[in-house]
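The values are calculated or read from the model by the stated rules, or taken from the named source; none is laboratory data. Not measured: the values here are computed from a predicted model. Cβ placement follows ideal geometry from the backbone for every residue including glycine, while neighbour counts extend to all protein chains displayed.
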Amino acid sequence: MRDAPDPAPDTPPAFAPRERQGIVAGLTLALFLSSLDQTIVATALSAIAGDIGGWEAMPWVVSAYLIASTVVTPIYGRLSDLYGRRPMLLASVAIFMLGAALAALSQSMAMLIAARVVQGLGGGGLRAVALAVVGDLYPPRERGQVQGYLSATFATANVVGPVLGGLFVDYLDWRWIFWVNLPLGLAALAATWVQLRRLPLPGKRPIIDWLGAVLIVLSCTPLLLAISEVQQGAAFLSFEVAGLVAVGLVFLVLLILQERVAPQPMLPIGLFRNPIFSVAIVLTGLSSMVMMSLTMLVPLSYQLASGMTAKEAGLRMIAMTLGSVSGSFLAGQAVGRTGRYRFLALLGTSVATAMCLLIAVVGLGHSLLFDTVVTLAMGLAFGCQFSPMTVTIQNALDPRDGGIGIACMFFFRLMGGAFGVAVLSAILLGRIGATGGLAQAAKGGVVPGAEAAFSAVFFAAAGIAAASFCLAFALREIPLRGR
């Protein structure tokens with residue numbers, strides 16, 4: 001269901017298999033570029049702060065990129081529906097490269113944070129537009145396999161990023177974590193410029209809802225700032241957090257009112273009247289709360305509750321990463337062969353719930369075999385959840401809304417992940433603080449009360465995963481289009 005007729009694209013041209021493979025290779029490079037940036041920076045934060053100062057503002061190097069890329073994601077998705085995928089993807093890569101160059105040239109923490117905002121404004125379009133292009137090239141029945149490959153790209157970047165960041169810091173300079181984006185970005189620009197020329201453009205001149213775009217930014221930014229405050233130790237009910245949430249909600253109401261009357265809304269409210277779309281994006285948000293939280297908290301559990309070094313904890317995370325890659329690939333193959341997706345959502349959420357409960361009861365760090373099995377199963381569960389959701393959303397919507405549909409999915413995924421990290425981190429810090437372990441946590445080694453604190457965290461994660469399992473029953477399944 002649509003709020004107002006949008007400019008219809010011309011009939012998509014036929015692409016030979018070799019052409020489609022070349023386009024997907026270019027899109028994979030763009031996705032790798034955006035995914036790598038989120039992981040390569042983390043291992044260099046201490047070196048950055050030691051060189052240019054600003055230790056107290058160090059978390060904003062990550063938060064600035066996350067907030068900027070999140071708030072513009074739906075805007076990129078909608079503009080790609082109205083103006084075409086190729087112009088938006090070219091613009092996002094160019095802005096991302098500009099931000100990377102500015103970050104590499106930064107001489108102060110304030111300059112670096114500002115550059116990260118610019119980089120995020122470009123990075124917000126890389127994922128959403130790239131996946132929308134896949135929707136233009138492949139029918140839903142065939143997209144599952146391609147989505148599996150692209151999901152594997154995300155997981156690969158999660159593994160390679162921290163390693164590259166450490167190598168650059170140890171053997172070159174921290175600025176290389178940003179300079180490396182320039183040759184990759186140039187390759188992505190060249191691939192996009194050449195390979196996407198034949199993608200169709202909208203047939204009519206669009207009417208851009210710029211007020212809607214501004215309200216999206218004004219409503220999302222305060223909410224993300226509030227989440228960042230919680231992640232950095234502020235209480236959920238503190239004046240700063242409550243004030244930011246209140247401001248965000250006011251602008252959210254104004255956004256909804258604007259989008260109900262806009263002739264071509266930036267965020268079509270009618271999409272949310274589609275039950276498959278609504279269930280799928282909420283399910284994505286809940287699943288992301290668990291996945292992103294555990295990606296951060298599982299290695300912390302190894303270190304604080306078991307006394308492992310960062311290297312040892314990283315090695316034990318390989319099983320979860322491999323599971324995520326394998327799960328995405330296998331889920332994509334299953335969707336392509338069976339044409340069904342609901343069973344994968346049920347399977348992924350049920351396994352994630354069971355593994356969280358098992359870890360909460362037994363704990364991590366006692367047995368390498370146990371840790372490997374449960375984290376591998378957890379990764380497989382995550383892969384089963386995320387890869388099919390992209391196909392589900394695209395199949396449920398009018399193809400002209402493919403860009404904004406995928407952008408909404410990424411938006412809810414990012415918001416859900418950020419909120420999940422904030423909630424579960426607050427539980428962890430509250431429990432460790434109650435046992436007097438915060439000071440010990442700063443020194444390293446086994447923290448008193450950490451095992452019980454992480455048990456509470458994993459029980460909470462199991463509760464979120466169980467809610468997503470229940471919601472998966474409401475996901476209606478319709479046949480995947482073969483054209």
Here the residues within the range 296-318 that are over 16 Å from THR375 (Cα atoms) and of a type outside the set (S, T, N, Q) are LEU304, ALA305, GLY307, MET308, ALA310, LYS311
With criteria (1) within 23 Å of ALA418 (Cα to Cα); (2) modelled with pLDDT under 75, ALA68 comes up short on (2)
SER80: passes all of (1) farther than 10 Å from GLY125 by Cα; (2) assigned to a helix (DSSP H, G or I) but (1)
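Being farther than 18 Å from THR392 by Cβ and either free of Cβ contacts under 8 Å to residues at least 40 places away in the same chain or in contact with an Asp or Glu (Cβ under 9 Å, 6 or more places away or on another chain) (or both) is the filter here, so list the residues in the range 321-353 that pass it.
Initially, the range 321-353 is screened for residues farther than 18 Å from THR392 by Cβ, giving 321-326, 351, 353.
Listed by number, the list holds a single entry, VAL351.
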Quiz item: In this structure, is LEU271 in contact (Cβ under 8 Å) with a residue 60 or more places away in the chain, touching a Leu at 6+ places or on another chain (Cβ under 8 Å) and assigned to a helix (DSSP H, G or I)?
Solution: yes
When (1) under 22 Å from the mean Cα position of the chain (by Cα); (2) crowded, with 24+ Cβ neighbours inside 10 Å are applied to LEU304, the one that fails is (1)
Quiz item: Residue check: is GLN394 under 23 Å from the mean Cα position of the chain (by Cα), surrounded by 24 or more Cβ atoms within 10 Å (Cβ to Cβ) and closer than 26 Å to VAL129 by Cα?
Solution: yes
Of the listed residues (LEU283, LEU294, LEU300), the one being assigned to a helix (DSSP H, G or I) and modelled with pLDDT under 80 is LEU300
Margin query: Here is a check on your reading of the model: is LEU286 within 28 Å of GLY379 (Cα to Cα), aliphatic (A, V, I, L, M) and either under 19 Å from the mean Cα position of the chain (by Cα) or surrounded by fewer than 22 Cβ atoms within 10 Å (Cβ to Cβ) (or both)?
Written below: yes
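Conditions tested, residue by residue: (1) under 30 Å from MET320 (Cα atoms); (2) at pLDDT 80 or above; (3) part of a helix (DSSP H, G or I); (4) within 18 Å of the chain's Cα centre (by Cα).
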position	(1), (2), (3), (4)
LEU102	no, yes, yes, no
ILE113	no, yes, yes, no
ARG116	yes, yes, yes, yes
ARG127	yes, no, yes, yes
TYR149	yes, no, yes, yes
PRO162	yes, no, yes, yes
When restricted to VAL117, VAL129, VAL71, the only residue in contact (Cβ under 8 Å) with a residue 12 or more places away in the chain and touching a Cys at 6+ places or on another chain (Cβ under 9 Å) is VAL71
Of the residues in the range 62-83 that are out of contact with any Asp or Glu (no Cβ under 8 Å at 6 or more places or on another chain) and farther than 22 Å from GLY248 by Cα, the one that is surrounded by the most Cβ atoms within 10 Å (Cβ to Cβ) is SER80
